[in-house]
1. Applying the selection to segment 57-75, what residues are in contact (Cβ under 8 Å) with a residue 24 or more places away in the chain, crowded, with 18+ Cβ neighbours inside 10 Å, part of a helix (DSSP H, G or I) and not polar (S, T, N, Q)?
2. Kindly evaluate Leu127 against the criterion of being closer than 16 Å to Ala44 by Cβ, of a type in the set (A, V, I, L, M, F, W, C) and part of a helix (DSSP H, G or I).
3. If I filter segment 157-179 down to residues being in contact (Cβ under 8 Å) with a residue 60 or more places away in the chain and buried (at least 21 other Cβ atoms within 10 Å of the Cβ), which single residue comes out as farthest from the chain's Cα centre (by Cα)?
4. So Ala83 fits all but one of (1) farther than 20 Å from Gly111 by Cβ; (2) of a type in the set (Gly, Ala, Ser); (3) surrounded by 15 or more Cβ atoms within 10 Å (Cβ to Cβ); what number is the exception?
5. How many residues are in a helix (DSSP H, G or I) and more than 18 Å from Phe92 (Cα to Cα) if we restrict to segment 147-186?
6. Here are the criteria: (1) in a helix (DSSP H, G or I); (2) more than 12 Å from the chain's Cα centre (by Cα); (3) within 18 Å of Asp56 (Cβ to Cβ). Tell me which single one Glu101 does not satisfy.
7. Could you check Pro107 against (1) part of a loop (DSSP other than H, G, I, E, B); (2) modelled with pLDDT under 95 and say which number it fails?
8. Taking the stated definitions as given, is Ala122 under 22 Å from Thr148 (Cβ atoms) and part of a loop (DSSP other than H, G, I, E, B)?
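The values are calculated or read from the model by the stated rules, or taken from the named source; none is laboratory data. For clarity, every value in this text was computed on a predicted model and none was experimentally measured. Backbone-built Cβ (ideal geometry, glycine too); neighbour counts: all protein chains shown.
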Amino acid sequence: MRTKSFIAIAVLPLLLFGCAYNKTMASSSVLGAKSGSLTDPEIAAIVTNANQGEIDQANAVVNRLSSSDVKAFAQMMINDHTAALGSARDLFTHRNITAMENAPSRPLAAGSQQLISTLSNASGMALDHAYMQAQIDEHQWLLNALDTSLIPSAQTSDVKALLRTQRTAVAAHLDRAKQVMGSMMH
């Protein structure tokens, strides 16, 4: 019982950060954007920052995680988001789309760095739990953003197709993150 209390106390600051991060992302204008209000260069910045953030976060913790399931999830984030980022960059280069930083893309980069900093102070089960909660929050936010703003705003069919492909991966990552988190609670 004492171990569970310690874990709860150790995880609390990280969960509070996760809630603040999630509120920052929820208030980002991506979710409030109307169809057609984002340009392909703005979408390119969002897609680039989202994928790079996932890679950076996973790289920052993968060797410090304690659960083999959480380590496997982090490695999947590195592999899948590296591939997704490469595909996106290839498409943007082919279509002469230059990423343009914007109000929705900036909090992704800043939030990712802030999360990495916060996670650097955690270890053991507290780190595993905080990382997985952040993954659930981030993937849920991105799934919502894809559905409500990014896909409807895409100006070219190639960008729209890329976003639909990445949406499928984001949904699968969210489902897997929830499964891993659920297994940690038992």
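1. Ala60, Val61, Val70, Phe73, Ala74
2. No; evaluated as a whole, the condition is false for this residue.
3. Checking each candidate, the answer is Val159.
4. Unmet for Ala83, out of (1) farther than 20 Å from Gly111 by Cβ; (2) of a type in the set (Gly, Ala, Ser); (3) surrounded by 15 or more Cβ atoms within 10 Å (Cβ to Cβ): (3).
5. Residues in segment 147-186 being in a helix (DSSP H, G or I) and more than 18 Å from Phe92 (Cα to Cα): 20 in total.
6. Of (1) in a helix (DSSP H, G or I); (2) more than 12 Å from the chain's Cα centre (by Cα); (3) within 18 Å of Asp56 (Cβ to Cβ), only one is false for Glu101: (1).
7. It fails just one condition, (1).
8. no
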